[in-house]
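Some notes on the structure that comes next.
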Amino acid sequence: MKKILIVFCIPFLKPLLFAVGITVGGTRLSIPAPPGFSPITSEMKPYADIAERFVSPTNQQFALFLPNTDVVLAISGGLPKPRRWFCVQTAKIAIERSFTDADFTHLKRTLTTQNEEIIREAEAKVPGYIEIINKGIFDDYGIELGLSVTRMLPLPPNFETEQTFAYSMLSKISANDESSNPTVYEAVSTATFLHVQSKVLFLHVYAEKSGLEWSRAESKKWADMIIEANPSVGAVAALEGTGYDWSHVAAKAIPVAIVCVLVPLLSYLFRKREG
């Protein structure tokens, strides 16, 4: 008697998405998912809720992309611990503004000529952002996370085009482990300022300490994908510049790079809470 093996394929409740639609100050943009990655959506609880804790209060996050295998885990209610991930944010003060090509050129010039001043401004504010996270986690979960920044080292710009300006950063964060002992977490990130359809976005690509070149290459590919998906309107780009103080916008991107390094800690937070 022959045995017949029947294999049932059970589809996910929702398929993995290939792009995310976002609205920035009334402008609708499409953010393609990087190859091999998918977005974390609000339905993916509990992971999505705690991920919101790790957004700098000066910024708004529009999308967070994790590897497909990690997203499948989040869909099922699991707690991913990604090695590499992507996110899209911008400064809240920039959301309602429209920026021209001339404005973006001014931003790139500001990033180049006032880099040290911008870094000092950001460094002075990062401890305050970290303290907000520490307090929020303790108030909600009773966990003494003990986050602190032990190193943030922005590197020289690594690529620039009419619509992009990118640099990388080395970050080292100290936090208490599951036994309440200080542990150091290190990561690299590449931040890209992206000008599309009169809006400026912060793209961040994160990787483990050895993944610097990967983060740079993938950041450029992703920026190109977003530009292709969101062709700029010529009439907007042709307007005169607004003379905006770009140093304040530029300084908002550095805390993003620091705070989002903590994304792999999300699974640890829940394990400690439930332990």
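Rule-based calculations on the coordinates, nothing more; no lab input. Predicted model only: the values in this text are computed from it and were never measured. As a convention, Cβ positions derive from the backbone with ideal geometry for all residues, glycine included, and neighbour counts pool all protein chains shown.
Given a cut-off of 30 Å, name the pairs among Lys45/Lys209; Lys135/Lys199; Lys81/Lys108; Lys135/Lys220; Lys45/Lys92 whose C-alpha atoms lie farther apart than that in the structure shown. Too far apart for the 30 Å limit: Lys135/Lys199; Lys81/Lys108; Lys135/Lys220.
Across segment 159-236, the convex hull enclosing all Cα atoms gives 94 Å³ per residue. Taken about its Cα centre, segment 36-155 carries a charge dipole of roughly 320 debye when the Cβ of each Lys and Arg holds +1 and the Cβ of each Asp and Glu holds -1. From the largest down, segment 129-188 spans 47, 21, 14 angstrom on the principal axes of its Cα atoms.
In this structure, the amide hydrogen of Phe159, modeled 1.01 Å from its nitrogen in the peptide plane, lies closer than 5 angstrom to those of Ala166, counting only residues at least 5 positions away or on a different chain.
In terms of other Cβ atoms within 10 Å, Glu116, Glu218 run from fewest to most in the order Glu116, Glu218. Across segment 180-187, rounded Karplus estimates of 3J(HN,Hα) from the backbone phi angles (6.51 cos²θ - 1.76 cosθ + 1.60, θ = phi - 60°) give 6, 9, x, 10, 9, 10, 10, 7 Hz, Gly and Pro being marked x. Across segment 158-199, the convex hull enclosing all Cα atoms gives 70 Å³ per residue.
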